[in-house]
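Worksheet for the structure shown next.
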């Protein structure tokens with residue numbers, strides 16, 4: 001089995017900092033996308049939980065599509081919210097994307113190292 005690293009340069013964090021991880025890793029038909037925050041061009045996009053959730057999920061989708069995967073391939077999503085009060089609003093955004101193909105999911109509340117409201121990662125499978 002080969003392991004393919006997508007975006008091994010990791011991307012750019014706040015302040016132009018190089019991040020030492022792959023944006024995604026593919027092996028044996030599985031794709032693991034690293035946690036995505038509501039960032040564009042290395043900067044957090046300001047806004048409420050709805051706007052930030054959409055951007056974090058869209059950032060995951062962009063990486064998935066680059067690797068040849070679509071929403072129908074998502075098997076699991078991990079979500080970190082910085083405030084439990086964001087849960088209902090996040091669920092509405094989540095349903096916009098995954099209503100037709102609901103994956104398994106975990107949603108937790110924790111502090112993030114980036115000053116934003118949400119981080120999302122996805123696991124996909126489509127076989128080899």
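Quick note: the coordinates plus some simple rules give every number you see, no bench work behind them. Worth saying up front: this structure is predicted, and the values here are computed from it rather than measured. Every residue, glycine as well, gets a Cβ built from its backbone with ideal geometry; the counts of neighbours run over all protein chains shown.
What residues of region 90-120 lie in the reach of a label at residue 19, counting those whose backbone N is under 13 Å from a point 7 Å from the Cα along Cα→Cβ?
Correct set: 113-116, 118-120.
Let me check the size of the chain from its C-alpha atoms; what are the radius of gyration and Dmax in Å?
14.1, 43
Return the distance in nm (one decimal) between the two label points of a simple spin-label model at residue 123 and residue 2, each offset 7 Å from Cα along Cα→Cβ.
Calculated label separation equals 2.4 nm.
What distance in nm lies between label points placed 7 Å from Cα along the C-beta direction at residue 96 and residue 84?
Between residue 96 and residue 84, the label points sit 2.6 nm apart.
Could you work out how far apart the two model spin labels at residue 72 and residue 105 are, taking each label as a point 7 Å from the Cα in the direction of the beta carbon, and quote it in nm?
2.1
Assuming R0 = 22 Å, can you tell me the calculated FRET efficiency for the pair residue 115 and residue 40, based on Cβ-Cβ distance, to the nearest 0.05?
0.90
Per-residue ellipticity at 222 nm for the chain, helices alone: DSSP H runs ≥ 4 residues times -39500 (n - 2.57), over residue total, nearest 500 deg cm²/dmol?
Here the helix-only value at 222 nm equals -7500 deg cm²/dmol.
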